[in-house]
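Following: one structure in structure tokens, then a few remarks.
Derivation of every value follows stated rules applied to the coordinates shown; laboratory data play no part. The structure displayed is predicted, hence computed values, not measured ones. Cβ: placed from backbone, ideal geometry, glycine included. Neighbour counts: every protein chain shown.
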Amino acid sequence: MSLRLAMWSGPRNISTAMMRSFGARPDSFVSDEPLYAPYLKATGLPHPLADEIIASHQPDWRRVVHYLTGPTPNGGSLWYQKHMAHHLLPEMGRNWLDELTNAFLIREPRAMLMSLIDRLGDIGIQDTGLPQQVELFRYQAERTGETPVVVDSKEVLLNPEGVLRQLCERVGIEFDPDMLAWEAGARETDGCWGPHWYHGTNKSTGFAPYREKEVVVPPAYESIAQECEALYAELHQYRIR
């Protein structure tokens, strides 16, 4: 039986690099934000390429859920599903998550906020994915009686092999050294939004070294930044180190 590993991230994280890492394994199949089209169809948000995304990808969340909880498309033993937590709208339900192994990818909020504002302009707390990540984390902890796996992007960039080894162990698979490097370029499994968002990742051949950044959040977003920091702290304490 294959493992369906759902990695719930927020935007402007290393989520695409993580997808590349798992996609480099010979035993895996990867899916790129499969709930994005249903999210855009339901919200009507003017994201870049929104119409193309809805037209090119399955916009019915029920069909997406049926697909995500089915057999691995390539018959492999691992299905890595890259998700944005804010794409999981309330009406999409939660019970089907029980058929997945759910983990969480987080990033220091202020750097994430500034990167997101740079791409989308005016944003709210829901656009960060952090409220949804915390909701899902609590749901999983209560359902399973165990602490869900949390990965912090900073820890990954500081020690890719060490963190990935622990991640694999926690979810019940063997670490594969192929996860540490990949070929540059786009993938057939990338969403149609890849050309807009994945410039840096498509040039990469591995995880970039971590670099501390000086970040100053505009006063108009300070209250959101503080909310994000409180949510982030709840998850950060459980991160793989």
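If we scan region 124-136, do we find a residue that is farther than 18 Å from Leu235 by Cβ and either assigned to a helix (DSSP H, G or I) or touching a Phe, Trp or Tyr at 6+ places or on another chain (Cβ under 9 Å) (or both)? Looking for residues that are farther than 18 Å from Leu235 by Cβ and either assigned to a helix (DSSP H, G or I) or touching a Phe, Trp or Tyr at 6+ places or on another chain (Cβ under 9 Å) (or both), one finds none in region 124-136, hence no. Checking the stated criteria, Trp79 turns out to be of a type in the set (Phe, Trp, Tyr), in contact (Cβ under 8 Å) with a residue 60 or more places away in the chain and under 21 Å from Thr189 (Cβ atoms). Residue pairs whose Cβ atoms lie under 9 Å apart, separated by 6 or more positions or on different chains, with the first residue in region 213-241 and within 30 Å of Gln166 (Cβ to Cβ) and in contact (Cβ under 8 Å) with a residue 40 or more places away in the chain and the second among the acidic types (Asp, Glu) and assigned to a helix (DSSP H, G or I), are Arg239/Glu155; Ile240/Glu155; Arg241/Glu155. Count of region 23-33 residues, restricted to those that are assigned to a loop (DSSP other than H, G, I, E, B) and surrounded by 21 or more Cβ atoms within 10 Å (Cβ to Cβ), is 2. Checking each residue of region 137-152 against the condition of being of a type in the set (Ser, Thr, Tyr) and under 17 Å from the mean Cα position of the chain (by Cα) gives no match.
Looking across region 109-130 at every residue that is surrounded by fewer than 17 Cβ atoms within 10 Å (Cβ to Cβ) and of a type outside the set (Val, Ile, Thr), the one that is nearest to Ser9 (Cα to Cα) is identified as Gln126.
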